[in-house]
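Notes to accompany the following structure.
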Amino acid sequence: MKHSRPAAFKHIPVIDVAPLFSGNSMQAKSVAHEIRKAAVETGFFYVVNHNIAPDLIDATFMAAKYFFGLPDEKKMAIRVTEESAHRGYMPFSQTKQPSQKRADMKESFNFAFPFQADDPYLAHGYNLIGINQWPKDEEDWRRIIERYYSEILILGHKILEGVAICLDLDRYFFRGIYKHPLVRSRLLHYPPQRDGLVENIGAGEHTDYGTITILWQDDIGGLQVKNRDGQWIDAPKIEGSFVINIGDMLQSWSNDVFVSTPHRVLNTSRLERYSIPTFFDPDYETHVECLPNCSGAGNPPRHSPIIAGEYISARYDGSYAYRQPAKTW
């Protein structure tokens, strides 16, 4: 599967993914073709008609605003630590991309696959596998967040069906490596920036680590995607959409046919910004290496094999203050 370098993109495509839910295989192949084109040319695309109810999205947005308005002591009671499997509250300025001088201007609430305390998978001791932390006495709030997560799981699997089809794999290829997945979601809050402080960006330039990311964002804007000419292309909210982007592991699986595109968040609006990314990644022990049909004579594998959880853990080690206790940012 050889490929040439596409031209620098100027906009991010919009894909109607309804056919992935319909059961019509021919329509699904058409969507898969669009996904492949976007994954090759931009590494980013919007999806619409994704089957997640607007009322649930609105409720989750309000839940995010509610959480970040809680007293600091209530949020800090569930702060992310080395023992919390990267789940819980993370205060401002605790994340920094290795290429950046300053920490990201954001705070977050992190939640992931809902393991129960008696799940035998926990016995592996993987450092990203654990029990979600929840704020005390907020059961209704928790139910909204858990429902959102369950719906995002469905959407993510449907998008990966399209990815599998366009890579000439069995449609359900990815299901087999998402039994105890590293599907991690975050409620994110970016504060308004004072005049002239645009260097304090909400999220520094980076690529995502895993397979795909599913992002909901509010109306404020700020997400920017870097094209191959080094230009920053705005990715504003499109009503009723999610933003999807390709991560490092899917680029490796596809032998660089798909591209994991750098992006950042620059909140110059003077307003608070909220977003909800879900990093839709496989089981911790998944071996990620070039797919057999993505290499061949004259086109050898370009990346060394990795273990999904180990790769994500290593990237976290270089980005989060709590994993580097000797440093202050």
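Observations on the structure shown:
- In plain terms, the residue of Arg323, Arg175 with the fewest other Cβ atoms within 10 Å comes first and the most crowded comes last, giving Arg175, Arg323.
- Pairs of Cα atoms nearer than 8 Å and 6+ residues apart set the relative contact order; for region 14-323 it is 22 percent.
- Axis of helix 139-166 versus longest Cα principal axis of the chain: the two differ by about 20°, to the nearest ten degrees.
- Additional length obtainable on full extension of the chain from Asp118 to Arg147, 0.36 nm per residue less Cα span: 8.3 nm
- Out-of-range pairs (alpha-carbon distance over 32 Å; input Lys101/Lys158; Lys37/Lys75; Lys75/Lys179): Lys101/Lys158; Lys37/Lys75
- Within region 27-95: Cβ-based charge dipole about Cα centre, in debye rounded to nearest 20 (Lys, Arg +1; Asp, Glu -1): 160 debye
- Amide H to amide H, with H built 1.01 Å from N, Val17 comes under 5 Å of Val48, counting only residues 5 or more places away or on other chains.
- Cα gyration tensor shape for the chain, rounded if a/c is under 1.5, else prolate or oblate: rounded
- From the alpha carbon centroid of region 252-329 to that of region 149-180 is 17 Å.
- Three-way shape call for region 1-109 based on the alpha-carbon gyration tensor, with the a/c threshold at 1.5: oblate
- Against the chain, whose longest principal axis comes from its Cα atoms, helix 25-41 is set at around 70 degrees.
- Calculated on alpha-carbon atoms, Rg and Dmax of region 126-182 in Å: 15.1, 48
- Using alpha-carbon coordinates, inclination of helix 308-317 to the longest axis of the chain, degrees: 40 degrees
- Helix content alone sets the calculated 222 nm mean residue ellipticity of the chain: runs of n ≥ 4 DSSP H residues at -39500 (n - 2.57) each, divided across all residues, give -8000 deg cm²/dmol.
- As a proxy for reagent exposure, His206, His50 were ordered by neighbouring Cβ count within 10 angstrom, fewest first; the result is His206, His50.
- Gaussian network model of the chain, springs between alpha carbon atoms under 10 Å - residue of Pro262, Pro277, Pro305 with greatest fluctuation: Pro305
- Cα-based shape type of region 47-144, given that a ≥ b ≥ c are square roots of the gyration tensor eigenvalues and the cut on a/c is 1.5: rounded
- For Tyr126, net neighbour charge (Lys/Arg +1, Asp/Glu -1) across residues whose Cβ lies under 11 Å away: -3
Laboratory data are not the source of any read-out in this text; all were calculated from the coordinates shown. Nothing here was measured: the structure is a model prediction, and the numbers come from that model. Please note: Cβ atoms are built from the backbone with ideal geometry, for glycine as well, and neighbour counts cover all protein chains shown.
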